[in-house]
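> First the structure, which I've put down as C-alpha coordinates, then a few questions once you've had a look.
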Amino acid sequence: MEYIPHDPPPIPQPETELAGNSTAVSEQSRVIATCLLAGKIMLQSGGETYRVEDTMKRMAAALGLPHSHSYVVPTGIFFSVDATEPAKLIRISERTTDLHKVSEVNAISRRIGQGELSAIDAYGLLQQIEGQPSSYSFAVQLTAAALSSGCFTIMFGGGWGDFIPALICGGTGYAAVIAFHRLVLVKFFAELTASFVIGLLAFLLVYLGLGHELDKIIIGSVMPLVPGLLITNAVRDLMAGHLVSGLSKGAEAFLTAFAIGTGIAVVFSLFM
(Lines give C-alpha, C1' and ligand atoms only; values in the text may rest on other atoms or scores of the structure.)
Protein backbone atom coordinates (compact mmCIF):
# COMPACT_ATOMS: atom_id res chain seq x y z
CA MET A 1 0.00 0.00 0.00
CA GLU A 2 1.40 3.34 -1.01
CA TYR A 3 1.55 6.02 1.65
CA ILE A 4 0.22 9.42 0.57
CA PRO A 5 1.19 12.26 2.89
CA HIS A 6 -1.64 14.63 3.93
CA ASP A 7 0.44 17.78 3.69
CA PRO A 8 2.91 18.60 0.94
CA PRO A 9 6.51 18.94 2.05
CA PRO A 10 7.68 22.48 2.74
CA ILE A 11 9.23 24.33 -0.13
CA PRO A 12 12.82 25.28 0.71
CA GLN A 13 13.52 29.01 0.59
CA PRO A 14 16.75 30.61 -0.49
CA GLU A 15 19.04 31.71 2.31
CA THR A 16 18.96 35.30 1.08
CA GLU A 17 15.16 35.43 1.38
CA LEU A 18 15.28 34.03 4.91
CA ALA A 19 17.91 36.55 5.89
CA GLY A 20 15.83 39.39 4.46
CA ASN A 21 12.73 38.29 6.37
CA SER A 22 14.73 38.00 9.57
CA THR A 23 16.11 41.50 9.14
CA ALA A 24 12.63 42.92 8.51
CA VAL A 25 11.20 41.19 11.58
CA SER A 26 14.11 42.37 13.70
CA GLU A 27 13.64 45.99 12.63
CA GLN A 28 9.91 45.76 13.24
CA SER A 29 10.55 44.42 16.73
CA ARG A 30 12.86 47.36 17.46
CA VAL A 31 10.18 49.83 16.37
CA ILE A 32 7.55 48.13 18.54
CA ALA A 33 9.89 48.08 21.54
CA THR A 34 10.67 51.79 21.04
CA CYS A 35 6.99 52.76 20.85
CA LEU A 36 6.12 50.69 23.92
CA LEU A 37 8.92 52.21 25.98
CA ALA A 38 7.84 55.73 24.98
CA GLY A 39 4.25 54.99 25.97
CA LYS A 40 5.32 53.43 29.25
CA ILE A 41 7.38 56.46 30.27
CA MET A 42 4.60 58.90 29.38
CA LEU A 43 1.87 56.95 31.17
CA GLN A 44 3.99 56.45 34.30
CA SER A 45 4.85 60.16 34.35
CA GLY A 46 1.30 61.49 34.25
CA GLY A 47 0.61 61.77 30.54
CA GLU A 48 -2.96 61.64 29.26
CA THR A 49 -4.21 58.43 27.67
CA TYR A 50 -4.99 59.97 24.29
CA ARG A 51 -1.58 61.67 24.19
CA VAL A 52 0.17 58.34 24.84
CA GLU A 53 -1.77 56.60 22.06
CA ASP A 54 -1.20 59.43 19.59
CA THR A 55 2.53 59.58 20.32
CA MET A 56 2.97 55.83 19.87
CA LYS A 57 1.09 55.83 16.55
CA ARG A 58 3.05 58.80 15.21
CA MET A 59 6.38 57.24 16.18
CA ALA A 60 5.46 53.91 14.58
CA ALA A 61 4.35 55.63 11.34
CA ALA A 62 7.55 57.68 11.16
CA LEU A 63 9.64 54.52 11.68
CA GLY A 64 7.96 52.63 8.86
CA LEU A 65 4.91 51.02 10.49
CA PRO A 66 1.96 53.16 9.37
CA HIS A 67 -0.77 50.69 10.35
CA SER A 68 -0.27 50.30 14.09
CA HIS A 69 -2.91 49.92 16.77
CA SER A 70 -2.58 50.97 20.40
CA TYR A 71 -4.96 50.68 23.32
CA VAL A 72 -3.97 52.42 26.54
CA VAL A 73 -5.56 52.22 29.98
CA PRO A 74 -4.09 53.56 33.25
CA THR A 75 -2.75 50.12 34.19
CA GLY A 76 -1.49 48.81 30.85
CA ILE A 77 -0.59 49.38 27.20
CA PHE A 78 -1.56 47.10 24.28
CA PHE A 79 0.22 47.57 20.95
CA SER A 80 0.08 45.63 17.68
CA VAL A 81 1.06 46.07 14.04
CA ASP A 82 -1.30 44.73 11.37
CA ALA A 83 -1.51 41.32 13.05
CA THR A 84 1.92 40.44 11.68
CA GLU A 85 3.15 39.93 15.24
CA PRO A 86 1.28 39.07 18.44
CA ALA A 87 0.02 42.08 20.35
CA LYS A 88 2.45 43.33 22.98
CA LEU A 89 1.44 44.23 26.53
CA ILE A 90 3.16 46.36 29.17
CA ARG A 91 1.81 46.45 32.72
CA ILE A 92 1.86 49.82 34.49
CA SER A 93 1.91 49.47 38.27
CA GLU A 94 3.43 52.76 39.45
CA ARG A 95 2.26 56.19 38.32
CA THR A 96 3.61 59.54 39.38
CA THR A 97 3.74 63.14 38.14
CA ASP A 98 6.84 64.10 36.16
CA LEU A 99 5.79 66.26 33.22
CA HIS A 100 9.44 66.89 32.35
CA LYS A 101 9.77 63.27 31.19
CA VAL A 102 6.55 63.59 29.19
CA SER A 103 8.02 66.64 27.47
CA GLU A 104 11.29 64.82 26.72
CA VAL A 105 9.46 61.87 25.15
CA ASN A 106 7.42 64.28 23.02
CA ALA A 107 10.67 65.91 21.87
CA ILE A 108 12.07 62.52 20.82
CA SER A 109 8.82 61.77 18.97
CA ARG A 110 9.14 65.02 17.02
CA ARG A 111 12.77 64.23 16.14
CA ILE A 112 11.70 60.81 14.86
CA GLY A 113 8.99 62.46 12.77
CA GLN A 114 11.60 64.77 11.25
CA GLY A 115 13.84 61.81 10.36
CA GLU A 116 16.62 62.73 12.80
CA LEU A 117 16.51 59.50 14.85
CA SER A 118 16.38 55.82 14.03
CA ALA A 119 14.60 53.23 16.17
CA ILE A 120 17.87 52.16 17.83
CA ASP A 121 18.94 55.72 18.64
CA ALA A 122 15.48 56.63 19.95
CA TYR A 123 15.37 53.51 22.13
CA GLY A 124 18.71 54.41 23.70
CA LEU A 125 17.55 57.95 24.48
CA LEU A 126 14.30 56.64 25.94
CA GLN A 127 16.22 54.26 28.20
CA GLN A 128 18.22 57.23 29.49
CA ILE A 129 15.00 59.14 30.21
CA GLU A 130 13.50 56.15 32.01
CA GLY A 131 16.59 55.80 34.18
CA GLN A 132 16.65 59.44 35.20
CA PRO A 133 15.65 60.22 38.78
CA SER A 134 12.79 62.57 39.48
CA SER A 135 13.29 66.09 38.21
CA TYR A 136 13.08 67.42 41.77
CA SER A 137 14.66 65.96 44.89
CA PHE A 138 12.62 65.03 47.94
CA ALA A 139 13.87 68.12 49.78
CA VAL A 140 12.66 70.41 46.99
CA GLN A 141 9.28 68.65 46.84
CA LEU A 142 8.89 68.88 50.62
CA THR A 143 9.77 72.59 50.62
CA ALA A 144 7.35 73.28 47.79
CA ALA A 145 4.54 71.36 49.55
CA ALA A 146 5.14 73.26 52.80
CA LEU A 147 5.26 76.70 51.16
CA SER A 148 2.20 75.99 49.02
CA SER A 149 0.27 74.90 52.12
CA GLY A 150 0.97 78.24 53.81
CA CYS A 151 0.05 80.15 50.66
CA PHE A 152 -3.18 78.20 50.20
CA THR A 153 -4.13 79.02 53.78
CA ILE A 154 -3.74 82.74 53.08
CA MET A 155 -5.63 82.36 49.78
CA PHE A 156 -8.57 80.66 51.52
CA GLY A 157 -8.93 83.54 53.98
CA GLY A 158 -6.58 82.61 56.80
CA GLY A 159 -4.43 85.14 58.60
CA TRP A 160 -0.69 85.50 58.46
CA GLY A 161 -0.57 84.04 61.95
CA ASP A 162 -1.71 80.74 60.42
CA PHE A 163 0.97 80.71 57.71
CA ILE A 164 3.67 78.99 59.79
CA PRO A 165 1.30 76.36 61.31
CA ALA A 166 -0.01 75.52 57.83
CA LEU A 167 3.57 75.34 56.54
CA ILE A 168 4.45 72.84 59.29
CA CYS A 169 1.29 70.76 58.83
CA GLY A 170 1.56 70.69 55.03
CA GLY A 171 5.21 69.69 55.02
CA THR A 172 4.65 67.01 57.66
CA GLY A 173 1.64 65.63 55.80
CA TYR A 174 3.51 65.44 52.50
CA ALA A 175 6.42 63.63 54.16
CA ALA A 176 3.96 61.31 55.90
CA VAL A 177 2.19 60.26 52.71
CA ILE A 178 5.50 59.34 51.07
CA ALA A 179 6.74 57.47 54.16
CA PHE A 180 3.48 55.56 54.67
CA HIS A 181 3.24 54.69 50.98
CA ARG A 182 6.60 52.93 51.26
CA LEU A 183 5.28 50.86 54.16
CA VAL A 184 1.76 50.29 52.79
CA LEU A 185 1.45 49.55 49.08
CA VAL A 186 -2.21 50.64 49.00
CA LYS A 187 -2.08 54.38 48.35
CA PHE A 188 -5.54 54.95 49.87
CA PHE A 189 -4.37 54.04 53.38
CA ALA A 190 -1.21 56.13 53.04
CA GLU A 191 -3.26 59.20 52.11
CA LEU A 192 -5.79 58.55 54.86
CA THR A 193 -3.05 58.25 57.49
CA ALA A 194 -1.27 61.39 56.21
CA SER A 195 -4.48 63.44 56.37
CA PHE A 196 -5.05 62.15 59.91
CA VAL A 197 -1.57 63.37 60.84
CA ILE A 198 -2.31 66.78 59.31
CA GLY A 199 -5.54 67.14 61.26
CA LEU A 200 -3.95 65.97 64.50
CA LEU A 201 -1.01 68.35 64.14
CA ALA A 202 -3.29 71.27 63.26
CA PHE A 203 -5.37 70.66 66.40
CA LEU A 204 -2.19 70.53 68.47
CA LEU A 205 -0.80 73.80 67.10
CA VAL A 206 -4.10 75.62 67.61
CA TYR A 207 -4.37 74.22 71.13
CA LEU A 208 -0.87 75.51 71.91
CA GLY A 209 -1.83 78.96 70.61
CA LEU A 210 0.47 78.86 67.58
CA GLY A 211 -2.47 78.93 65.16
CA HIS A 212 -5.86 80.62 65.15
CA GLU A 213 -8.22 79.36 62.43
CA LEU A 214 -8.22 75.58 62.48
CA ASP A 215 -10.31 75.09 59.35
CA LYS A 216 -8.13 77.36 57.22
CA ILE A 217 -4.95 75.62 58.39
CA ILE A 218 -6.34 72.18 57.58
CA ILE A 219 -7.69 73.22 54.17
CA GLY A 220 -4.37 74.75 53.15
CA SER A 221 -2.35 71.82 54.48
CA VAL A 222 -4.22 69.11 52.57
CA MET A 223 -4.00 70.91 49.22
CA PRO A 224 -0.64 69.28 48.23
CA LEU A 225 -2.39 65.90 48.58
CA VAL A 226 -5.31 66.83 46.31
CA PRO A 227 -5.05 64.95 42.94
CA GLY A 228 -5.32 67.99 40.68
CA LEU A 229 -3.49 66.51 37.68
CA LEU A 230 -5.44 63.26 37.98
CA ILE A 231 -8.77 65.10 37.89
CA THR A 232 -7.64 67.18 34.90
CA ASN A 233 -6.49 64.10 32.97
CA ALA A 234 -9.75 62.30 33.78
CA VAL A 235 -11.79 65.14 32.29
CA ARG A 236 -9.54 65.45 29.23
CA ASP A 237 -9.69 61.69 28.58
CA LEU A 238 -13.48 61.73 28.86
CA MET A 239 -13.68 64.64 26.43
CA ALA A 240 -11.37 62.78 24.02
CA GLY A 241 -13.65 59.72 24.10
CA HIS A 242 -11.47 57.47 26.29
CA LEU A 243 -14.30 56.50 28.62
CA VAL A 244 -12.57 53.62 30.40
CA SER A 245 -9.46 55.66 31.23
CA GLY A 246 -11.45 58.76 32.12
CA LEU A 247 -13.76 56.91 34.50
CA SER A 248 -10.94 54.94 36.12
CA LYS A 249 -8.85 58.08 36.71
CA GLY A 250 -11.93 59.85 38.05
CA ALA A 251 -12.55 56.96 40.44
CA GLU A 252 -8.93 57.08 41.59
CA ALA A 253 -9.21 60.82 42.22
CA PHE A 254 -12.45 60.26 44.16
CA LEU A 255 -10.78 57.65 46.36
CA THR A 256 -7.94 60.07 47.12
CA ALA A 257 -10.39 62.83 48.04
CA PHE A 258 -12.37 60.36 50.15
CA ALA A 259 -9.21 59.27 51.98
CA ILE A 260 -8.27 62.89 52.75
CA GLY A 261 -11.77 63.70 53.99
CA THR A 262 -11.98 60.54 56.09
CA GLY A 263 -8.68 61.23 57.85
CA ILE A 264 -9.74 64.77 58.76
CA ALA A 265 -13.21 63.59 59.81
CA VAL A 266 -11.72 61.05 62.21
CA VAL A 267 -9.69 63.80 63.88
CA PHE A 268 -12.76 66.03 64.23
CA SER A 269 -14.80 63.19 65.66
CA LEU A 270 -12.15 62.55 68.30
CA PHE A 271 -11.42 66.11 69.44
CA MET A 272 -14.51 68.18 68.68
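The values are calculated or read from the model by the stated rules, or taken from the named source; none is laboratory data. Since the model is a prediction, treat every value here as computed from it, not as a measurement. We place every Cβ from the backbone using ideal geometry, glycine too, and count neighbours over all the protein chains shown. When the accessible area is computed, the model is the full protein with side chains, heavy atoms only, and any ligands, DNA or RNA have been set aside. Shrake-Rupley method; radii C 1.70, N 1.55, O 1.52, S 1.80 Å.
> Taking the conditions exactly as written (within 15 Å of the chain's Cα centre (by Cα), open to solvent by less than 60 Å² (accessible area, probe 1.4 Å) and touching a residue at least 12 places away in the same chain (Cβ under 8 Å)), does Ile112 satisfy them or not?
no
> Here's a follow-up. Within the range 82-112, track down each residue that is touching a Lys or Arg at 6+ places or on another chain (Cβ under 9 Å) and either at pLDDT below 90 or not in a helix (DSSP H, G or I) (or both).
Ile90, Ile92
> Another question, if that's okay. When residues of the range 79-103 are filtered for being open to solvent by less than 70 Å² (accessible area, probe 1.4 Å) and of a type in the set (S, T, N, Q), how many remain?
Here the count works out to 2.
> Quick one: which residue in Ala139, Ala122, Ala144 is aliphatic (A, V, I, L, M) and in contact with a Ser or Thr (Cβ under 9 Å, 6 or more places away or on another chain)?
Ala122
> Something else: Is it the case that some residue within the range 248-255 is of a type in the set (Asp, Glu) and in contact with a Gly (Cβ under 8 Å, 6 or more places away or on another chain)?
no
> Okay, moving on. Take the conditions under 30 Å from Ile231 (Cβ atoms) and either part of a helix (DSSP H, G or I) or touching a residue at least 24 places away in the same chain (Cβ under 8 Å) (or both) and apply them to Ser29. Does it pass?
Judged against the criteria, Ser29 is not a match.
> Ok, one more. Just for the range 115-143: of the residues that are without any contact (Cβ under 8 Å) to a residue 12 or more places away in the chain, under 19 Å from the mean Cα position of the chain (by Cα) and open to solvent by less than 90 Å² (accessible area, probe 1.4 Å), which one is farthest from Tyr50 (Cα to Cα)?
Ser137
> Looking only at the range 158-176, filter to residues that are crowded, with 18+ Cβ neighbours inside 10 Å and touching a residue at least 40 places away in the same chain (Cβ under 8 Å); which one of those is farthest from Phe138 (Cα to Cα)?
In this case the residue turns out to be Gly158.
> Also: Based on what the data block shows, is Glu191 acidic (Asp, Glu) and open to solvent by 40 Å² or more (accessible area, probe 1.4 Å)?
No.
> Moving on to the next point. Which pairs have Cβ atoms under 6 Å, sit 6 or more apart or on different chains, and link a residue in the range 66-89 that is within 17 Å of Glu48 (Cα to Cα) to one that is of a type in the set (Val, Ile, Thr) and exposed (fewer than 13 other Cβ atoms within 10 Å of the Cβ)?
Every condition considered, no pair remains.
> While we're on this one: I'm trying to understand the selection: among the residues of the range 144-157, which are open to solvent by 70 Å² or more (accessible area, probe 1.4 Å) and either in a helix (DSSP H, G or I) or of a type in the set (A, V, I, L, M) (or both)?
Within the range 144-157, Leu147, Cys151, Met155 meet the criteria.
> Closer than 27 Å to Ala139 by Cβ, out of contact with any strand residue (DSSP E or B) (no Cβ under 9 Å at 6 or more places or on another chain) and not in a helix (DSSP H, G or I), is that true of Leu185?
Yes.
> Assess whether Ala179 counts as being surrounded by 15 or more Cβ atoms within 10 Å (Cβ to Cβ) and within 19 Å of Ala259 (Cα to Cα).
When the stated conditions are applied, Ala179 does not pass them.
> So, in the range 48-71, exactly how many residues are assigned to a helix (DSSP H, G or I) and either under 22 Å from Leu247 (Cβ atoms) or open to solvent by less than 20 Å² (accessible area, probe 1.4 Å) (or both)?
10
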